[in-house]
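Data block below; observations after.
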Amino acid sequence: MKTMFLFLLAVLLCTQVPNATAQIAINEILADPARDWDQDGAIDFRGDEWVEIVNLGTTTVDLQDYWLRDDSSRLPDIGLSGMLAPGAVKVVYGSDVMAWQHDMGWLETGFGLNNSGGDYVFLLYGPYSEELDYQILEQVWVGDHEAEDDRSSGRDPASGQWVLFDGLNPYTGSTEPLGNGCEPTPGESNYCEQPIPDQAMSFGGLKARFR
C-alpha cells in the first residue's frame, strides 16, 4: 500500500512540476508600431507589433505547449516553440504570428492588438485542442495610452510592476502605468536607467562652452 502511495505521489509531482515551476510570463508589449521593429525593411501595423515573454524560473523551459492571443477570439494567435533559458526573453513579432497563421492555413491577422479602447494579451498553456481548453497563465491589459506610436508597456524587473516605456513618444498624463522615459527594449532587459548630469551648469555656462 505504501509503495503504491509513493508511486502515485511521484506521478503527481512529475505531472505538476513542469507547469508549476516554468514561470513563463509576459514581459513587454508594443501594440502600435510606427517603425520597423521586426527589421524586415518595411513598417507594418500588423507585422511590427510585438509581445515579449520571459522565463522567470530557474530551469530551461520547452515552449511547445505555450500560446499567445489577444481578446478578439479564443483561438490562439500563435503557438510558441523553442527552448527558453532562465532569465532569457523571447520576442514574438506580428510577422512571426502571420507566418505561423499562414502555415496553419488560418487568416493572417497577426496579433491584431487594438490601438484605441485597449485590449488583453493572454499567455496560455496546454496541448493543442479543438475545444480550446487552455489554461490561462496570465492576462495583461493594454490601455489606450499604452497603445500609442512606439510606446510599450513592460514588467519592471525590480518591482514587478508594469511601467510605460515612452522614450520615443513621451506620455505626460496621469493614468497608470506612468512613463519611465526609456525606449522599448525588445529582446533585452527591461531595466531602465536615466542618465544623471554629473554637475550643474547654468545656461550661460553652456553657451560659453560652445563658443
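Readers should treat all values here as calculations from the given coordinates under stated rules, not as data from a laboratory. Since the structure is predicted, the reported quantities are computational estimates derived from the model, not experimental observations. Cβ: placed from backbone, ideal geometry, glycine included. Neighbour counts: every protein chain shown.
Among the residues of the range 21-45, those identified as part of a loop (DSSP other than H, G, I, E, B), within 14 Å of N115 (Cβ to Cβ) and among the aliphatic types (A, V, I, L, M) are A31, A34.
Quick grid of which residues meet (1) basic (K, R); (2) assigned to a loop (DSSP other than H, G, I, E, B); (3) closer than 19 Å to N190 by Cβ:
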residue: Y120; (1), (2), (3): no, no, no
residue: P127; (1), (2), (3): no, yes, no
residue: V140; (1), (2), (3): no, no, yes
residue: D144; (1), (2), (3): no, yes, no
residue: D149; (1), (2), (3): no, yes, no
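The residue pairs whose first member lies in the range 70-99 and is touching a residue at least 24 places away in the same chain (Cβ under 8 Å) and over 25 Å from G117 (Cα atoms), whose second member is loosely packed, with under 14 Cβ neighbours inside 10 Å and among the acidic types (D, E), and whose beta carbons are closer than 9 Å, counting only pairs six or more residues apart or on different chains, are L84/D62; V89/E188. Under the condition of being of a type in the set (A, V, I, L, M, F, W, C) and touching a Pro at 6+ places or on another chain (Cβ under 8 Å), the residues counted in the range 23-38 number 2. Within the range 66-83, being closer than 13 Å to Q101 by Cβ, touching a strand residue (DSSP E or B) at 6+ places or on another chain (Cβ under 6 Å) and in a loop (DSSP other than H, G, I, E, B) holds for P76, D77.
Would the range 127-139 turn up any residue that is touching a helix residue (DSSP H, G or I) at 6+ places or on another chain (Cβ under 9 Å) and among the acidic types (D, E)? There is no residue in the range 127-139 that is touching a helix residue (DSSP H, G or I) at 6+ places or on another chain (Cβ under 9 Å) and among the acidic types (D, E). Are any of the residues in the range 86-98 assigned to a loop (DSSP other than H, G, I, E, B) and not hydrophobic (A, V, I, L, M, F, W, C)? For the range 86-98, residues assigned to a loop (DSSP other than H, G, I, E, B) and not hydrophobic (A, V, I, L, M, F, W, C): present.
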